[in-house]
Amino acid sequence: MGGNLGTQGMLDFLFERKCSFRIANKEGLNLEELELELIDFGAEDVFEDEGDIMIYADFQSFGPIQKYLEDNKYEIKSFQFERIPNDVKELTAEQREEVEKLIEKLEEDEDVTNIFHNMK
């Protein structure tokens, strides 16, 4: 009996799933204290970016971090899910051009929301 991994299973092998939040900075906010607080909820990186606070975490930590932010009245400006490649591939100029053409075609499809690749 042959098993079918499906696309999701195959992608999990190639990519690490991450989530990120952009929150509004609060007056008197101590970034170090916030980071220590959020580490308990699975945050991996907390830093200031263009006046906002960025939080990066493992995909599974999305719910706990979101709840913490909402419970503590932080304004979540945006959040997103990303796939970070575990292994990147070096391509020839010709291969890169082919992949970029394919990505362009995929982006034209209104059913496609995100495209992740592991090109260098």
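The values are calculated or read from the model by the stated rules, or taken from the named source; none is laboratory data. All values derive from a computational prediction rather than experimental measurement. Neighbour counts run over all protein chains shown; Cβ positions are idealised from the backbone, glycine included. Side chains are part of the model used for accessible areas, which takes the heavy atoms of the whole protein and leaves out ligands, DNA and RNA. Shrake-Rupley method; radii C 1.70, N 1.55, O 1.52, S 1.80 Å.
Of note:
- Single residue of Leu69, Leu29 found to be hydrophobic (A, V, I, L, M, F, W, C), over 26 Å from Pro85 (Cα atoms) and crowded, with 16+ Cβ neighbours inside 10 Å: Leu69
- Pick from segment 33-48, criterion part of a loop (DSSP other than H, G, I, E, B) and in contact with a strand residue (DSSP E or B) (Cβ under 9 Å, 6 or more places away or on another chain), ranking: least open to solvent (accessible area, probe 1.4 Å): Gly42
- Just so you know, in segment 69-112 the residues that are among the charged types (D, E, K, R) and in contact with a Lys or Arg (Cβ under 8 Å, 6 or more places away or on another chain) include one that is modelled with the highest pLDDT, and it is Lys77.
- Near pairs, Cβ below 8 angstrom, 6+ apart or cross-chain, from segment 25-42 (touching a residue at least 24 places away in the same chain (Cβ under 8 Å)) to any residue that is part of a loop (DSSP other than H, G, I, E, B) and surrounded by 10 or more Cβ atoms within 10 Å (Cβ to Cβ): Lys26/Tyr74
- Subset of segment 55-84 [aromatic (Phe, Trp, Tyr), touching a Cys at 6+ places or on another chain (Cβ under 8 Å) and without any contact (Cβ under 8 Å) to a residue 40 or more places away in the chain]: Tyr56
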